[in-house]
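The structure under discussion appears below in the form of structure tokens.
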Amino acid sequence: MTNREAHNVMTDRQDLESIAALLDGAAVTATPVPQLSGALTLDQAYEIQALSMARRYGRGERRIGIKMGFTSRAKMAQMGVSDMIFGRLTDRMLVEAGVAVSIGRFVHPRVEPEVAFLLKAPLSGRIDPMTAMAAVAAVAPAMEIIDSRYENFKFSLTDVVADNSSSSGLVIGPWADPASDLGNLGMLMEIDGAARQIGSTAAILGNPIFSLVAAARLVAERGEQLVAGDIVMAGGATAAEALAPGQYVKLSVERLGLVAFGVGE
Ligand code: OOG
Ligand code: MG
């Protein structure tokens, strides 16, 4: 490496750190920022994500698992992005089921119907669905509250990865025995008693277990692994719905049950 190249690597690194600081600040203050200028590689975007997570961990947040993104056609179509991505989840993002979450901590939050896995064993790299299923302690109906830190909720693939894949909240319903086939369970998401999204777990890669398989591979590509105790969010089965104060949001997943939360000021 020449001096000049070494210098570029160092400047790049500082740039990534300053973008991480920018996005972290946007999340902390719930103030949107313009989209990044677009020259990032996917590796750099995940590096920014990791640097922004280091800031969160530094403030005492604890990693609780990961979320998958763009695992359904409905989500890819809504956001105009077509590759699977992941983001890191922390304890600070957990919203207690049944209580009201304050909208003030978000920029422009949306909610989407998902399924969550709880792991009892580590998973890493290329695995088959049987191996993935054997590592699952429980499954639950779940909703993800996503919140892009970019203006107008508009982003490129690398933008959204850098922004921790819009991770900002998750609400987990009752954990159930994982034995039941998750392949085609009806999902109904209601806001204030009106049906807003109707779908099936089949929309998530044909079966949400494939999302867990993909999660193990994607995190391994970034030098991490899934560990026992991790929560893995499988990804939205339908398009997301905008949240507003006063709403009561409820998701029912066939056989898995109900999860609900309110939205406060
Ligand atoms: C990115 C996150 C995508 C999902 O479930 O597909 C996602 C976004 O839509 O803002 O969480
Ligand atoms: Mg999601």
Degrees, to the nearest 10: 3-29 long Cα axis against longest axis of the chain = 40
Measure of size requested: the Rg and Dmax of the chain, with Cα atoms as the atom set and Å as the unit; please supply both.
-> 18.0, 64
Rounded accessible area per residue of the stretch 78-190, 1.4 Å, Å² = 35
So Gln14 and Asn152, fully extended at 0.36 nm per residue minus their Cα-Cα distance, gain in nm 47.0 nm
Express the carbon and sulfur contribution to the solvent-accessible surface of the chain as a percent, rounded to the nearest whole number, probe 1.4 angstrom.
-> 54
Between the modelled labels at Asp128 and Ser82 (7 Å from Cα along Cα→Cβ) the distance in nm is 3.0
With a point put 7 Å past each Cα toward its Cβ, work out how far Thr41 is from Ile198 in nm, to one decimal.
-> 4.7
Considering only protein heavy atoms, with the full assembly of protein chains and a 1.4 angstrom probe, order Lys250, Lys75, Lys120 by accessible area, largest first.
-> Lys120, Lys250, Lys75
Please list the radius of gyration and Dmax for the stretch 146-252, considering alpha-carbon atoms only, with Å as the unit.
-> 15.4, 43
Using helices alone, what [θ] at 222 nm do you get for the chain, with -39,500 (n - 2.57) per DSSP H run of 4 or more residues, divided over all residues and rounded to the nearest 500?
-> -9000 deg cm²/dmol
Note: Ala121 to Val99 extended length (0.36 nm per residue) minus current alpha-carbon separation gives 4.9 nm
Using a 1.4 Å probe, how large is the accessible area of Asp177, given in Å² and rounded to the nearest 10?
-> 110
Taking the Cα atoms only, what angle lies between the long axis of helix 209-221 and the longest principal axis of the chain, rounded to 10 degrees?
-> 20
Which order do peptides 193-202, 230-239 fall in by mean Cβ count within 10 Å, highest first?
-> 230-239, 193-202
With springs connecting C-alpha atoms under 10 Å apart, model the chain as a Gaussian network and identify which of Ile204, Ile145, Ile103 has the largest mean-square fluctuation.
-> Ile103
For Phe155, what accessible area in Å² do you get when you roll a 1.4 Å probe over the heavy atoms of the protein chains, rounding to the nearest 10?
-> 30
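The values are calculated or read from the model by the stated rules, or taken from the named source; none is laboratory data. None of the values given here were measured: they were computed from a predicted structure. Positions of Cβ are generated from backbone atoms using ideal geometry, with glycine treated the same way; all protein chains shown enter the neighbour counts. Calculation scope for accessible area: heavy atoms of the full protein, side chains included, ligands and nucleic acids excluded. Shrake-Rupley method; radii C 1.70, N 1.55, O 1.52, S 1.80 Å.
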